[in-house]
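We did not get these values from a lab; they are worked out from the coordinates using the rules stated. In this text, all values refer to a predicted model and were calculated from it rather than measured experimentally. Here the Cβ is made from the backbone with ideal geometry for all residues, glycine too, and neighbour counts use every protein chain on show.
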Amino acid sequence: MIKAHDLAFEYTKKFKEIRKDRQNSICLLGQPGCGKTHLLMAVSNNLIQRGVEVIYFPWVEGWTEISEDFKMMPERVRRLEHAQVLFLDDVYKGREEPTKTQREQFFAIVNYRYMEKLPMLISSERTISEMCQFDEAVGSRINEMCRDYKAIINRNMELNLRLK
Ligand SMILES: Nc1ncnc2c1ncn2[C@@H]1O[C@H](COP(=O)(O)OP(=O)(O)OP(=O)(O)O)[C@@H](O)[C@H]1O
Ligand SMILES: [Mg+2]
């Protein structure tokens, strides 16, 4: 957790320098309740204060909203593709398998951002290899973009701050 904190701090400091690189994203993965969202929210607040646009996409609620109105879907997905920075919170949370819509649209979003080198802040309970079991194209792109800023907090219930 300390390493994840230091990584988030380092990422924030280096952001301006690396934002146009392929390795311009950060992911905090693993144990629930250990502060992944908290840290990436702090990164987001810092970037916003420096005039960077950050769009927040909480996985479960975000897809519910997108799926509620199919006519609006292309526009909503487009915003997620084009945001200066996209904060994807709790990726692949919930269902055991992503839906067909999630699969297709999520690949489109990640691939667009990969091609255009647009940064992402990612939190997830899943590891990269678990993500790859859902979609290797997505998992491997995330892996490459987060190569320099990736923290995996091993499962250990004692690290769940909500239980403390
Ligand atoms: N550094 C911290 N200092 C104090 N409280 C913290 C800190 N980090 C996280 N918390 C608190 O601990 C709780 C869990 O944090 P958070 O929601 O960020 O965890 P998470 O890893 O995103 O969990 P999940 O995987 O379930 O989404 C929250 O109530 C949060 O406010
Ligand atoms: Mg969280």
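Among the residues of the stretch 28-59, those that are more than 10 Å from ligand 2 (Cβ to nearest atom), of a type in the set (A, V, I, L, M) and in contact with a strand residue (DSSP E or B) (Cβ under 9 Å, 6 or more places away or on another chain) comprise Leu29, Val43, Leu47, Ile48, Val52, Val54, Ile55.
In the stretch 1-20, the residues that are surrounded by fewer than 16 Cβ atoms within 10 Å (Cβ to Cβ) form Cβ pairs under 6 Å with partners that are among the basic types (Lys, Arg), at six or more places apart or across chains, as follows: Lys20/Lys117. For Glu68, only one of the following conditions fails: (1) surrounded by fewer than 20 Cβ atoms within 10 Å (Cβ to Cβ); (2) on the phi > 0 side of the Ramachandran plot. What is its number? Of the numbered conditions (1) surrounded by fewer than 20 Cβ atoms within 10 Å (Cβ to Cβ); (2) on the phi > 0 side of the Ramachandran plot, the odd one out for Glu68 is (2). For the stretch 33-44, does any single residue satisfy the condition of being touching a Gly at 6+ places or on another chain (Cβ under 9 Å), among the small types (Gly, Ala, Ser), in contact (Cβ under 8 Å) with a residue 12 or more places away in the chain and farther than 18 Å from Phe107 by Cα? No; the residues of the stretch 33-44 include none that is touching a Gly at 6+ places or on another chain (Cβ under 9 Å), among the small types (Gly, Ala, Ser), in contact (Cβ under 8 Å) with a residue 12 or more places away in the chain and farther than 18 Å from Phe107 by Cα. Which residues, counting only those in the stretch 111-142, are under 20 Å from Val85 (Cβ atoms), among the polar types (S, T, N, Q) and crowded, with 16+ Cβ neighbours inside 10 Å? Passing the criteria: Ser123, Ser124.
Answer yes or no as to whether Leu47 is out of contact with any helix residue (DSSP H, G or I) (no Cβ under 6 Å at 6 or more places or on another chain) and under 21 Å from Gln23 (Cα atoms). So Leu47 passes the test. Answer yes or no as to whether Leu28 is closer than 23 Å to Glu130 by Cα, in contact (Cβ under 8 Å) with a residue 24 or more places away in the chain and in contact with a Cys (Cβ under 9 Å, 6 or more places away or on another chain). It is true that Leu28 is closer than 23 Å to Glu130 by Cα, in contact (Cβ under 8 Å) with a residue 24 or more places away in the chain and in contact with a Cys (Cβ under 9 Å, 6 or more places away or on another chain).
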